[in-house]
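A.B. asks: Sharing a structure below in structure tokens format, with a few things to ask.
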Amino acid sequence: MSDVLALSAAAAAEAVRAGALDAAELFATYRERAAAEDLGAFLWLADGPGEPPGPDAPLAGVPLAAKDLFCVRGVPSQAGSRILEGYRPPYTATVVERLQDAGAPLLGKTNQDEFAMGSSNENSGFGPVRNPWDRTRVPGGSSGGSAAAVAAGLAPWAIGTDTGGSIRQPAALCGIVGLKPTYGAVSRSGMIAFASSLDQAGPLTRDVTDAALLLGHMVGHDRRDATSVPFPEPIARPAEGDLRGVRLGVPEELSADGIEDGVRTAFDATLALARELGATVEPCRLPHAPHALSAYYLIAPAEASANLARFDGVRYGLRVEGDGDLVSMYTRTRAAGFGPEVKRRIMLGTYALSSGYYDAYYGRALRVRTKITEDFRAAFERFDFVVTPTSPTVAFPLGERTDDPLAMYLSDYCTVPMPLAGIPAISIPNGLADGLPTGFQIAGPAFSENKILQAAFALEGAIGFDGSAARA
Amino acid sequence: MIDRAQVLHVARLARLELTDDEVERASRELSTILDHIARIGELDLDAVPPTSHVVEVTTPLRADEPEPSLPVQEALAAAPDPYDGGFRVPSPGA
Amino acid sequence: MSELEPVIGLEIHVQLATRTKMFCGCALSFGDPPNTHTCPVCLGLPGALPVANARAVHFGVLIGLALGGEIAPSSTFHRKNYFYPDLPKGYQISQYDEPLSRGGSLGEVRIHRVHLEEDAAKLIHVGESGRIHGSAASVVDFNRGGTPLVEIVTEPDLHSPESAREWLGLLRTTLRQLGVSDVNMEEGSLRCDANVSLRPAGREELGTKTELKNMNSFRFVERGVHAEIARQAALLAAGEAVEQETLHFDPSGGTLTSLRSKEEAHDYRYFPEPDLVPLAVTPEMVEAARAELPELPAARAARYEAELGLPADLARQHAHRAELGDYFEAAVAAAPAGVAPRVVANWTGNELVARIGDDDPGAAKVTPQALAALVGLLDAGTVTGAGARTVLDRLVADGGDPQAIVAAEGLGALGDDEGLGEIVAAALAAHPDAAEKVRAGNLKALGPIVGQVMRETKGRADGGEVQRIVREQLAG
Ligand SMILES: [Mg+2]
Ligand SMILES: [Zn+2]
């Protein structure tokens, strides 16, 4: 039992293939833990694993937790919103389909900030998620349920989505690995959209090897997603190695102000380890990074204001009858179904697009996006990777930022620039500050996932982070 | 600064019913956020083209071949007010 | 107040005759049970994504080229945001500042732009809702939702309701020949909005325009624009201003009602559709479309004038009404050597059309071959013009072979040998003084004589022949 729990997902898969571990028992172990959890990480659990995996199924029956916003045929898929309470789609998201085909049965659907809008999981329509390292604190968000589930050993691994940091930031706050792939690498078909030009699905796992294994079965072109692109090479299992010849750039803009002491100490320690492994570490510039948050909080809400217009009480989801007229049915359904943060962003996005303001807000944001993309392109001419702390702070207490939207938005400060440029980035745990995990972010050029995973694997070995305390 | 009237206009466009407190709160919060965001106004971006897509591909085209549609009962399965094979709504303008 | 000139621009929505919808694989249908052609994409289910239909793009390019437009190598889809039950996503995927095709012209009307978009679903009124007493309810059928549309926007180059109707006819013919749409206004596969304004004749700048929505027949377009011109003229005459608004024309009462109140001012919040990267139309795609272009009305009219010697009006008439043109060309092919196409065109364009009106000549009882044979008989003098018209009446009514009809009904032209001489002699005898005047050289006096001969022969005599015999007998 507990030794099963000690296994990483990749190790468990090998054990199953070697006949040393029964896939059904593996599923049952996690199903039991997930059913007994008190973190609020899960919104729905499967009864069983269904079809046993084929003898050569690469994922060998290792159960998967999926963020609520992934549509699964016949399974509640609510994106953490009351407006979709109990909604069971007639089709399955491409990425879930691929992972199931590769032999990973669905264990359950995990809690999240409503429509992926949040950095603490406190915006879920179905209650908050607690951080397994300290239950009075948030797990981060929006993929908070997936991150907490993996950290607490309620699931071997999980998938989430990242729009401005929603995989990397909760991974950092929960002491696990989270990777946001290159935009277009993973199909968005069946992923309930927040901001279509930024959303990407990715793995949340215990270690870098698990992340590589899971990602390898997520990427690939999908004819159902016009923005999906074929991944140029297979995702490789990272191998033993150092960082000789690897050039790391540390952007002043993302590592100077507003970084907590404990986070900074851990970050500097990891940079020192990187040097010991042979990497060169130098400061670099991302001049427009300080404006990334502004661009992000215009572009994402603008797209969201349109993406969420379909929740109108006509075809599915919540419906609140008004005074018999159409408009009052619309306005009351949406008023009752959406939470405060979702309403706030719909308002912000609608305003940014409305006539007279488009050029000053949305239009400018798209130009800032161009500058940020150019900044990264320039940086990657001199550096292999740009590295930053993943989150400026460790997990913060529940309720601390709920009344201060701007403070909440600032927790995405270090993770927002990458999705704006569409580039991949990973967060790996790099220590504890006052008993709470910190994260180290590695970002690379588009489709450099293999290189990122390789570097992350080398650092992971040197850091030697132990997350078992959260699984106890 | 986004005032009460603007909040109400935006709420109408977004089909959101807001209570008076919500209107007041939205005006306050959105103003704070927009003040922060307004800093991008300082940048000189006139010569900069906008980026709305980061992937450098052109739209793939789908062959004009029919694929199976949903059975009508599945299409209507989640409908709040199914009626006579359709989705019933209050008539517009009624 | 000086003479007012109407200025009319048209916006036409064309449903494309593809097999599947614009952004999903659902089959297009007409008249099937509600919601039997839907999927996650066209129902706007959470997480569903659009993928553009290749043939719809091809049809769009065909239309752009046929109208002489400039096809954009890269065009962009936008989201047009507004709430309506027939719009499942809360936005319509359309094109905004980068349309598929710009410019061009059809006939005398310049084209502003041509772009691709998706059609809305259908709302069916079902009377009172069971839920709230006394409130009207509708049911949404998403079968039509997502049908590929091409929107054609003209410059304001039309100046009368009649010319607007005629131009629409030309557009419909062009689209039908392209094979891109059923162009059936009654079934809604061709829909027309009109922008109407008035200005003092000769002035450049335009007056305030109003928009007339969805007039679902050519006749309604003509009548609707008529009514709106009258309404605006009355306002201006009364010294009142025309308000910019959208109007609905009710053909039954011929009345115009305002559709939207101003406080519900529209703000569509267009922005680039993030689910669709830019649409690239390659030179190969353009050339493939160009190679498919059929002969279009303008070119056809030119050919009729240049190669078949038709006068401009007949050439235009046959070219702009494709079925008539096809009928005419079949008749020319079947006509005996020496019969001028111009003569055949007279019979198709005037005599035939006078008898079948707007019906499809291809479906008429009289075949092009029969009509050609009839024109042949006339040309050979076997039958007179009057006789031929009678034969055509029979052919249109029952079809058949003109030769046989002529024989059966004894409509053949009379010659000398068939007793025409005697009839002429009788007529001369009946009008001695007229005969005198004619002998004296006053040909005007022929009237009563020829008149009697025609009466006697019921028009079967040829006028020229009769005069020849008269002179011969008087000389004799
Ligand atoms: Mg349109
Ligand atoms: Zn469909």
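The values are calculated or read from the model by the stated rules, or taken from the named source; none is laboratory data. On a predicted model such as this, the values are computed, not experimentally measured, just so you know. We place every Cβ from the backbone using ideal geometry, glycine too, and count neighbours over all the protein chains shown.
A.B. asks: Taking helices (runs of 4 or more DSSP H) that fall entirely within the stretch A:1-80, which contain at least 1 residues that are under 22 Å from the mean Cα position of the chain (by Cα)?
C.D. replies: A:9-17, A:23-36
A.B. asks: Here is a further query. So in the stretch C:21-40, with the set limited to residues that are near ligand 2 (Cβ under 10 Å from one of its atoms) and surrounded by 24 or more Cβ atoms within 10 Å (Cβ to Cβ), which one is farthest from A:Asp222 (Cα to Cα)?
C.D. replies: The selected residue is C:His37.
A.B. asks: If B:Thr32 passes every condition in (1) crowded, with 17+ Cβ neighbours inside 10 Å; (2) within 7 Å of another protein chain (Cβ to nearest Cβ) but one, which one does it miss?
C.D. replies: The number of the failed condition is (1).
A.B. asks: Can you name the strands (runs of 3 or more DSSP E) wholly within the stretch C:51-168 that have at least 3 residues being within 16 Å of ligand 1 (Cβ to nearest atom)?
C.D. replies: Per the criteria, C:77-81, C:91-95, C:109-118, C:148-154.
A.B. asks: Just wondering, is there one or more residues in the stretch C:1-12 that are more than 11 Å from ligand 2 (Cβ to nearest atom), at the interface with chain B (Cβ under 10 Å from one of its Cβ atoms) and among the polar types (S, T, N, Q)?
C.D. replies: no
A.B. asks: Also: Hey, could you check the stretch C:1-26 for residues that are under 16 Å from C:Glu204 (Cβ atoms) and part of a strand (DSSP E or B) and say which is nearest to ligand 1 (Cβ to nearest atom)?
C.D. replies: Among those residues, the one meeting the criterion is C:Gly9.
A.B. asks: Can we say B:Pro60 is farther than 20 Å from A:Leu318 by Cβ, more than 7 Å from chain C (Cβ to nearest Cβ) and of a type outside the set (A, V, I, L, M)?
C.D. replies: When the stated conditions are applied, B:Pro60 does not pass them.
A.B. asks: Would you mention how many residues in the stretch C:76-95 are more than 16 Å from ligand 2 (Cβ to nearest atom), touching a residue at least 40 places away in the same chain (Cβ under 8 Å) and either among the hydroxyl-bearing types (Ser, Thr, Tyr) or at the interface with another protein chain (Cβ under 9 Å from one of its Cβ atoms) (or both)?
C.D. replies: Adding up the residues that qualify gives 8.
A.B. asks: Looking only at the stretch B:3-29, which residues are more than 8 Å from chain A (Cβ to nearest Cβ) and assigned to a loop (DSSP other than H, G, I, E, B)?
C.D. replies: Selection gives B:Asp3, B:Thr19.
A.B. asks: Could you list, in sequence order, the residues of the stretch C:37-64 that are under 27 Å from A:Leu69 (Cα atoms) and β-branched (Val, Ile, Thr)?
C.D. replies: Answer for the stretch C:37-64, where residues must be under 27 Å from A:Leu69 (Cα atoms) and β-branched (Val, Ile, Thr): C:Thr38, C:Val41, C:Val51.
A.B. asks: Something else now. Would you pick out the residues in the stretch C:56-75 that are crowded, with 20+ Cβ neighbours inside 10 Å and either at pLDDT below 95 or at the interface with chain B (Cβ under 8 Å from one of its Cβ atoms) (or both)?
C.D. replies: Within the stretch C:56-75, C:Ala56, C:Val57 meet the criteria.
A.B. asks: Cβ-Cβ under 8 Å, sequence separation 6+ or interchain: first residue in the stretch A:7-20 and of a type in the set (Ser, Thr, Tyr), partner in a helix (DSSP H, G or I). Which pairs?
C.D. replies: A:Ser8/A:Thr209; A:Ser8/A:Asp210
A.B. asks: Given the stretch C:290-363, what helices (runs of 4 or more DSSP H) lie entirely inside it while holding 2 or more residues that are aromatic (Phe, Trp, Tyr) and crowded, with 16+ Cβ neighbours inside 10 Å?
C.D. replies: C:322-334
A.B. asks: Shifting gears a bit: Scan B:Asp35, B:Asp46 and give me the residue that is at pLDDT below 95, assigned to a helix (DSSP H, G or I) and among the acidic types (Asp, Glu).
C.D. replies: B:Asp35
A.B. asks: So, one more: Report whether or not B:Pro66 is facing chain C (nearest Cβ under 9 Å) and either closer than 30 Å to A:Ile372 by Cβ or part of a helix (DSSP H, G or I) (or both).
C.D. replies: So B:Pro66 does not fit the description; no.
A.B. asks: Additional query: Anything in the stretch C:27-49 that is at the interface with chain B (Cβ under 7 Å from one of its Cβ atoms) and within 31 Å of the chain's Cα centre (by Cα)? List them, or say none.
C.D. replies: C:Ala27
A.B. asks: Here's another thing I want to ask about it. Which members of the stretch A:370-406 meet the condition of being within 14 Å of another protein chain (Cβ to nearest Cβ), surrounded by fewer than 17 Cβ atoms within 10 Å (Cβ to Cβ) and under 26 Å from B:Ser52 (Cα atoms)?
C.D. replies: Within the stretch A:370-406, A:Glu374, A:Arg377, A:Leu406 meet the criteria.
A.B. asks: Output the residues belonging to the stretch B:61-71 that are surrounded by 18 or more Cβ atoms within 10 Å (Cβ to Cβ) and out of contact with any Leu (no Cβ under 9 Å at 6 or more places or on another chain).
C.D. replies: Scanning the stretch B:61-71 gives B:Arg62, B:Asp64, B:Ser69.
A.B. asks: Of all residues being touching a Phe, Trp or Tyr at 6+ places or on another chain (Cβ under 8 Å) and of a type outside the set (Gly, Ala, Ser) in the stretch A:285-302, which is farthest from the other protein chains (Cβ to nearest Cβ)? Just the residue, please.
C.D. replies: A:Leu286
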